[in-house]
Amino acid sequence: MASGVLLAGCGLGTDTGASSDALTKDGKDVKTIVVGTGTQFPNICFIDDKGNLTGYDVELVKALDKKLPQYKFEFKTMDFSNLLLSLQTNKIDFVAHQMEVNDERKEKFLFNKEPYNVFPLQVAVNEKNTDIKSVADLAGKTAIVSATSNSAVYLEKYNKEHGDKINIVYSGTGNNDATNQIRTGRADATITTPFAVKLLNEQADAQQKVVGEPVLNSKVYFLLRKNESQLSDDLDGALKELKKEGVVSKLSKKWLGADYSVDF
């Protein structure tokens, strides 16, 4: 799926830009909200074997759309590295891509207040690797991550605090680059989620396993521009309702293999 293709629901649409207004049949205002997401994150936002955009974040946004009749949500897909710039330049209205809070993002953008799941990051290695059992064992090794991702932010910080002993390299577009490098031994490890490893093993013969305890368990949110406080509040209200109704838990179990929607 090419970067920047607009997806309305699961069908292809036309790039109309962010935030446009329309009227329902009863004359009420409906604001079109363009939701930025990706296509390369297993079980989170990806293209299935029928060519449809789906995954946990995608299906949750669809459920939120049904709760918020004053909005019409449309998806615009792109490389992860382009999401923040697209938000900043008004090409999208919020990001749904497992966004964790960090100081740099907080300075420029607005996070909604209600988290929609917990994001567990673990070290993943080739299934035959017996040397690496935790992040501490990555000293002198090569770890591959996607630039600007949660994994990259974590590993860069860890490396800086521990003498820059890990050789961090950055993968190309999609998961195939990291998968191939770990499979062939060009990279020793990555930082990812257990559900991503499970899907990659099933669909791409990734030959990976997760090791050690989670290095990070962070709550994740939607990311908006700072002037979108009303949209943020509306998302929070709808999320709380979906949690009470069990919808968020059900989606988490379906796509992530466990209920990661609970607070900790």
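The values are calculated or read from the model by the stated rules, or taken from the named source; none is laboratory data. In this text, all values refer to a predicted model and were calculated from it rather than measured experimentally. As a convention, Cβ positions derive from the backbone with ideal geometry for all residues, glycine included, and neighbour counts pool all protein chains shown. The area values use the complete protein model at the heavy-atom level, side chains included, leaving out ligands, DNA and RNA. Shrake-Rupley method; radii C 1.70, N 1.55, O 1.52, S 1.80 Å.
What to note about this one:
- No other residue among 177, 205, 263, 233 is modelled with pLDDT of 90 or more and either outside the structural domain of residue 81 (by the TED database) or crowded, with 16+ Cβ neighbours inside 10 Å (or both) apart from 205.
- Contact map, the range 149-161: residues that are within 17 Å of residue 119 (Cβ to Cβ) paired with residues that are of a type in the set (D, E, K, R) and in a helix (DSSP H, G or I), Cβ distance under 9 Å, separation 6+ or inter-chain. Pairs shown: 153/104.
- Qualifying residue in the range 142-154 (condition: out of contact with any helix residue (DSSP H, G or I) (no Cβ under 7 Å at 6 or more places or on another chain) and in a loop (DSSP other than H, G, I, E, B)): no
- Flag if residue 117 is under 21 Å from residue 55 (Cβ atoms) and open to solvent by less than 50 Å² (accessible area, probe 1.4 Å): yes
- Tabulated pairs, the range 78-94, first outside the structural domain of residue 151 (by the TED database) and touching a residue at least 12 places away in the same chain (Cβ under 8 Å), second in a loop (DSSP other than H, G, I, E, B) and aromatic (Phe, Trp, Tyr), C-beta under 9 angstrom, 6+ apart or interchain: 84/109; 87/109; 88/109
- Checking residue 183 against (1) within 21 Å of residue 213 (Cβ to Cβ); (2) part of a helix (DSSP H, G or I); (3) in contact (Cβ under 8 Å) with a residue 40 or more places away in the chain, the condition it does not meet: (1)
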